[in-house]
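These notes concern the structure reproduced below.
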Amino acid sequence: MEAYLVAIAIVALIYVLLALGLTLQYGFTGLINFGHVGFFAIGAYTSAILAMNGLPLVLSFAAGTIVAGLAAWPIGLIALRLRDDYFAIVTLGFSETVRLVITSEKWLTNGVQGIPAIPRMFAGISVGSLASFAVLAVLLVVTIVAILGMGRIVKSPFGRIIEAIRDNEDAVKALGKDPARFKVQVLILGSGLAGLAGAFYAHYITYIVPDQFIPLVTFYVWMAIIIGGVGRVSGAVVGTVLLMVLLEGSRFIRDVMPFISDVEMASVRLGVIGLLLILFTIYRPQGLMGDFTRR
Amino acid sequence: MFYAQLIVNGLVQGLIVGLAALAVTLVFGVARFANAATGDTMTFGAYAALIGHKATGSLVVAGGAAVGATALLSLTVYALVFRKLAGRSVVALLVTSIGVGFLLRSVLGIVFGHNQQLFTVPLVRPIRFNGLIINPFDLQLAAVAAVALVGVFLVLYATPIGRRMRAVADNRELALVSGIRPERVMIALWLLVGAVTGVAGMMLGMKTIVSPELGWEMLLPAFAAAILGGIGSPVGAVLAGLLLGVAQELSTPFVGFTYKLSISFVVLLLVLLVRPRGLFGRLEGVR
Amino acid sequence: MSLQITDIRKAFGGFQALDGVTLTVGEGQLVGLIGPNGAGKSTLFSVVSGFIEADTGEVRFKGADLGRQSPAARARKGLLRTFQVPREFSHLTVRDNLKAAAPGQTGEGLVGLFLRPGEVARQEVEITAKADEVIAFLRLGPVADLPSGRLSGGQKKLLELGRALMVEPSLILLDEPFAGVNPVLIEELVERIRELNARGIGFLIIEHDLQALTRLVPILHVMDRGRILASGTPGEVLEDPKVREAYLGGAA
């Protein structure tokens, strides 16, 4: 039971990192990023591949973060000239293209077979449960640093401008500020966080395949920030925890109804997320936590 | 010759993309959002056609089932979901349409399972024409698409409700002021869009294999074609769909089978870089 | 000359919104721009402020051709605009709306934010003081800490003007500053604009409230169907038979 809880907590914190990135992008800046999972995948594969080639984990994690952040740069430059909904479509297309690339470039990613036996964090600690605790501790520290950093950013002049961009981009231009400059930075920052989350994921699960990086993951994160209340850091955290309870809770359905197969279970989860996205947007757009409503 | 064959092969695919893009562009023009449930609605159409076909063996019945059932589904989704979001932000509608797509795919997965299913169509000897190999079944599909397109354009350009639809697409406020009842236009829109999506889904299912994931993969090409064609322009969407279908086939020898799916993304990026409003797009009036 | 607009043309599809507009605003001048709805006034503002690119013609500001410069670049040169429908940052307080407009903030860059926290804090104090000055000047004190989305229409107009003032403007394009504002507040606004003008800020004002406008501006231009129909003092212009026909006659 203890090991199970630690495992859940680790996965939950990985999702919190993802949710923080999206909160910065959508919640504060209004960027409709439908391709978050693409940056998550880039971080995971970059770190995994480098570590498999002998790079120390600290460096591979940093590389995963940086490469994911940098990948957002050209996307930002191209896409930020576009209207909101085109941006959503382009980012969705980007994440699907990332998945095609990692599926096709077998020499680099081993294609659909994926990368097995990715080095663990704290492999030196021979007691498994202790190593998991260490991972959890590091992840907790990283998450707290990320939350504090986000808090600093959103309460700063930078934060003021990105919220202004979300509320009315043209007015920001009319006051002599260039929204694109801010949006690109936000995109890079949020994607870097997603990349870092990806690195943690790869080295914790130790086995990655392209199928783990489907758009559904992006919308798990969307669901989390919508549940928690868009546009607040606390919302990202609370929403993610609730989402995890929901996703993990669905495992227990299997205990009661063991005849449900894996694929059916996947269908059920997909349906639950779909239904929640619909219901929340219609009936509770402000989420459970706050009264932030956009337009 | 080889390339000519690829172009022929791409045309049917292009018609499917064009029909899907037509559905996207109609919703975008009139209801003002990018409907991400379009792909999964196509899947629904494919299953409806499959059931109709299995029960009777008739392709006509299959087509009728696809059109009827998908139009009904589309209207139901409008009534239960999108109608409640009138006046809300673009992102609310976008996210909700993603949710609708997920829910549809989930239900289809639970009801029909994840086994891939095939339309059993009789094998016919291909027609050879100047060295080109043409599958008569493709000709039938092309005919179906042509009939569907003629139908849609007749509704849009030759009926009162179509005129109203275009009026709302052109200038919503003006249309409402001049006494057009939005509710009726919306009902007509979603029925029409459902029918188009159903045909597209059926064709896709017949060309490939029916599975719950079938339609999702068409979403990006459909969006790409709708944008390429100039969002809100029905003719543009169909032409752009054909163009994309052919481009995908032509690119296969160069980029391989997997990457042909990303062609639409690359085309989308290029178009948006050069013309952020699409190729045939009209300028939106700015005041 | 502060602003020189020469032969601007702009068509939307088949509709000629601007059909050769030429107009100047001198250094520190107060100029009014009137005309029936659809005459092209707001389109002209959008062209001058860089939100819409003209088909042909030239806009010069302080002698330099603005060419295809972005709206932001024009604002940084001191050419500011407000919007007909107020575009407040609705989730920010009034004070934060103003502070967001302040130029040259170190804390707007992520590097500066984390590496030079002292400088950021110091600027924050300065900016807050400047914002509070503007709040006092525009009598927005009672609502300074409210989310601006909750202001009345008139207060939002004041806030738009206030944000422009934060940027150290030399010319402000005001798009219907009195529309939807109650008469008492209009008096207030007229006074504020006079004071600002006395400090050397020029104004080009689109307005339908001729009573308020004619008391404020010594020079008036009338637009109709994308052209300047008449120019002169308010008295001259309003007596012009062409104007009476196109604008006043049409309205009666």
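The values are calculated or read from the model by the stated rules, or taken from the named source; none is laboratory data. For clarity, every value in this text was computed on a predicted model and none was experimentally measured. Neighbour counts are summed over all protein chains in view; Cβ atoms, including those assigned to glycine, are modelled from backbone coordinates with ideal geometry.
Any residue in the range C:162-172 that is part of a strand (DSSP E or B) and in contact with a Ser or Thr (Cβ under 8 Å, 6 or more places away or on another chain)?
Our first condition is that a residue be part of a strand (DSSP E or B); within the range C:162-172, this holds for C:171-172.
Now narrow it down to the ones that are in contact with a Ser or Thr (Cβ under 8 Å, 6 or more places away or on another chain): C:171-172.
So far as the range C:162-172 goes, yes, one or more of its residues are part of a strand (DSSP E or B) and in contact with a Ser or Thr (Cβ under 8 Å, 6 or more places away or on another chain).
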Q.
Where the second residue is among the small types (G, A, S) and part of a loop (DSSP other than H, G, I, E, B) and the first is in the same structural domain as C:G14 (by TED's automatic domain parsing) and on the phi < 0 side of the Ramachandran plot and lies in the range C:207-226, which pairs have Cβ atoms under 6 Å and are six or more apart or on separate chains?
A. C:V222/C:G35; C:M223/C:G35; C:M223/C:A39; C:M223/C:G40; C:D224/C:G35; C:D224/C:A39
Q.
I'm checking my understanding of the structure. Among residues of the range C:73-82 that are at the interface with another protein chain (Cβ under 7 Å from one of its Cβ atoms) and not in a strand (DSSP E or B), which one is surrounded by the fewest Cβ atoms within 10 Å (Cβ to Cβ)?
A. C:R76
(Q) Of all residues being farther than 13 Å from B:G109 by Cα and more than 22 Å from the chain's Cα centre (by Cα) in the range A:234-278, which is surrounded by the most Cβ atoms within 10 Å (Cβ to Cβ)? Just the residue, please. (A) A:R254
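Only residues that are assigned to a helix (DSSP H, G or I), within 19 Å of B:V95 (Cα to Cα) and away from chain B (no Cβ under 14 Å): list them for the range A:225-238, please.
Start the filter on the range A:225-238 by keeping residues that are assigned to a helix (DSSP H, G or I), which leaves A:225-228, A:233-238.
Applying the additional criterion that residues be within 19 Å of B:V95 (Cα to Cα) yields A:225-228, A:235-236.
Of everything in the range A:225-238, those that are assigned to a helix (DSSP H, G or I), within 19 Å of B:V95 (Cα to Cα) and away from chain B (no Cβ under 14 Å) turn out to be A:G228, A:G235, A:A236.
Does the range A:50-57 contain at least one residue that is touching a strand residue (DSSP E or B) at 6+ places or on another chain (Cβ under 7 Å) and at pLDDT 90 or above? Step through it out loud before you land on a result.
Kept after step one, since they are touching a strand residue (DSSP E or B) at 6+ places or on another chain (Cβ under 7 Å), are these residues of the range A:50-57: A:52.
If we keep only those that are at pLDDT 90 or above too, we end up with A:52.
Within the range A:50-57 (the criterion being touching a strand residue (DSSP E or B) at 6+ places or on another chain (Cβ under 7 Å) and at pLDDT 90 or above), the answer is yes, since at least one residue qualifies.
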(Q) Among the numbered criteria (1) surrounded by fewer than 19 Cβ atoms within 10 Å (Cβ to Cβ); (2) within 20 Å of the chain's Cα centre (by Cα); (3) within 14 Å of chain C (Cβ to nearest Cβ), which one does A:V184 miss? (A) (1)
Q) Which of (1) over 30 Å from B:A225 (Cα atoms); (2) away from every other protein chain (no Cβ under 14 Å); (3) aliphatic (A, V, I, L, M); (4) within 13 Å of the chain's Cα centre (by Cα) is the odd one out, the single condition A:L24 does not satisfy? A) (2)
Q: Among the numbered conditions (1) modelled with pLDDT of 90 or more; (2) surrounded by 12 or more Cβ atoms within 10 Å (Cβ to Cβ), tell me where B:A175 comes up short.
A: (1)
Q: Filter the range C:92-108 down to the residues that are surrounded by fewer than 19 Cβ atoms within 10 Å (Cβ to Cβ) and in a loop (DSSP other than H, G, I, E, B), then identify the one that is nearest to the other protein chains (Cβ to nearest Cβ).
A: C:P103
**Q.** Cβ pairs under 9 Å, 6+ apart, first in the range C:57-77 and assigned by TED's automatic domain parsing to the domain that holds C:I172, second in a strand (DSSP E or B) and aromatic (F, W, Y)
**A.** C:R74/C:F61; C:K77/C:F61
Q. Any chance the range A:29-37 includes a residue that's in a helix (DSSP H, G or I) and crowded, with 24+ Cβ neighbours inside 10 Å?
A. yes
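Yes/no per residue for (1) under 19 Å from the mean Cα position of the chain (by Cα); (2) outside any helix (DSSP H, G or I); (3) more than 8 Å from every other protein chain (Cβ to nearest Cβ); (4) crowded, with 17+ Cβ neighbours inside 10 Å:
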| residue | (1), (2), (3), (4) |
| --- | --- |
| B:I231 | yes, yes, yes, yes |
| B:V238 | yes, no, yes, yes |
| B:E249 | yes, no, yes, yes |
| B:V255 | no, no, yes, no |
| B:T258 | no, no, no, no |
| B:S264 | yes, no, no, yes |
| B:V267 | yes, no, yes, yes |
Q) Taking C:F203, is it modelled with pLDDT under 95, among the aromatic types (F, W, Y) and either loosely packed, with under 15 Cβ neighbours inside 10 Å or not in a helix (DSSP H, G or I) (or both)? A) no
(Q) I'd like the full set of residues that are touching a Gly at 6+ places or on another chain (Cβ under 9 Å), of a type in the set (S, T, Y) and surrounded by fewer than 21 Cβ atoms within 10 Å (Cβ to Cβ), limited to the range A:192-233. (A) A:Y207
Q. Residue check, A:F252 against (1) more than 10 Å from chain B (Cβ to nearest Cβ); (2) among the aromatic types (F, W, Y); (3) touching a residue at least 24 places away in the same chain (Cβ under 8 Å), all met but one. Which one?
A. (3)
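Out of curiosity, is A:L189 over 25 Å from A:L270 (Cα atoms), more than 9 Å from every other protein chain (Cβ to nearest Cβ) and touching a Leu at 6+ places or on another chain (Cβ under 9 Å)? Let's see the steps before the verdict.
Values: over 25 Å from A:L270 (Cα atoms): yes; more than 9 Å from every other protein chain (Cβ to nearest Cβ): no; touching a Leu at 6+ places or on another chain (Cβ under 9 Å): yes.
Considered against the rule, which asks whether it is over 25 Å from A:L270 (Cα atoms), more than 9 Å from every other protein chain (Cβ to nearest Cβ) and touching a Leu at 6+ places or on another chain (Cβ under 9 Å), A:L189 comes out as no.
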**Q.** the range A:81-100, subset facing another protein chain (nearest Cβ under 7 Å) and outside any helix (DSSP H, G or I), residue surrounded by the fewest Cβ atoms within 10 Å (Cβ to Cβ)
**A.** A:R81
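Looking only at residues that are of a type in the set (D, E, K, R) and part of a helix (DSSP H, G or I) in the range B:1-56, which one is nearest to B:V100 (Cα to Cα)?
Of the residues in the range B:1-56, the ones of a type in the set (D, E, K, R) are B:32, B:40, B:54.
From what's left, part of a helix (DSSP H, G or I): B:40, B:54.
On the way: B:D40: 8, B:K54: 27 Å.
Among those that are of a type in the set (D, E, K, R) and part of a helix (DSSP H, G or I), it is B:D40.
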**Q.** Flag if A:G21 is within 26 Å of B:L270 (Cα to Cα) and either of a type in the set (D, E, K, R) or surrounded by 24 or more Cβ atoms within 10 Å (Cβ to Cβ) (or both)
**A.** no
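For the condition surrounded by fewer than 24 Cβ atoms within 10 Å (Cβ to Cβ), within 14 Å of chain C (Cβ to nearest Cβ) and either in contact (Cβ under 8 Å) with a residue 24 or more places away in the chain or not in a helix (DSSP H, G or I) (or both), what is the one hit in A:M150, A:M121?
Numbers: A:M121 fails: within 14 Å of chain C (Cβ to nearest Cβ).
It is A:M150.
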Q. Given B:V95, B:V107, B:V111, B:V121, which one is among the hydrophobic types (A, V, I, L, M, F, W, C), surrounded by fewer than 21 Cβ atoms within 10 Å (Cβ to Cβ) and under 30 Å from A:D85 (Cβ atoms)?
A. B:V107
Q. Out of the range B:83-100, which residues are facing chain A (nearest Cβ under 7 Å) and within 20 Å of A:I214 (Cβ to Cβ)?
A. B:L94, B:V95, B:T96, B:I98, B:G99, B:V100
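Confirm whether B:F129 is of a type in the set (F, W, Y) and surrounded by 12 or more Cβ atoms within 10 Å (Cβ to Cβ).
On the way: of a type in the set (F, W, Y): yes; surrounded by 12 or more Cβ atoms within 10 Å (Cβ to Cβ): no.
Judged against the criteria, B:F129 is not a match.
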**Q.** Contacts under 6 angstrom Cβ, first residue in the range A:22-44 being without any contact (Cβ under 8 Å) to a residue 40 or more places away in the chain, partner of a type in the set (D, E, K, R) and in a helix (DSSP H, G or I), 6 or more apart
**A.** none
Q. Here is a list of conditions, (1) within 12 Å of another protein chain (Cβ to nearest Cβ); (2) part of a helix (DSSP H, G or I), and A:K177 meets all of them except one; can you say which number that is?
A. (2)
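Return the only residue of A:L242, A:L277, A:L196 being more than 25 Å from A:V112 (Cα to Cα) and away from chain B (no Cβ under 14 Å). It would help to see each step written out before you state the result.
Values: A:L277 fails: away from chain B (no Cβ under 14 Å); A:L196 fails: more than 25 Å from A:V112 (Cα to Cα).
None of the others qualify; the one that does is A:L242.
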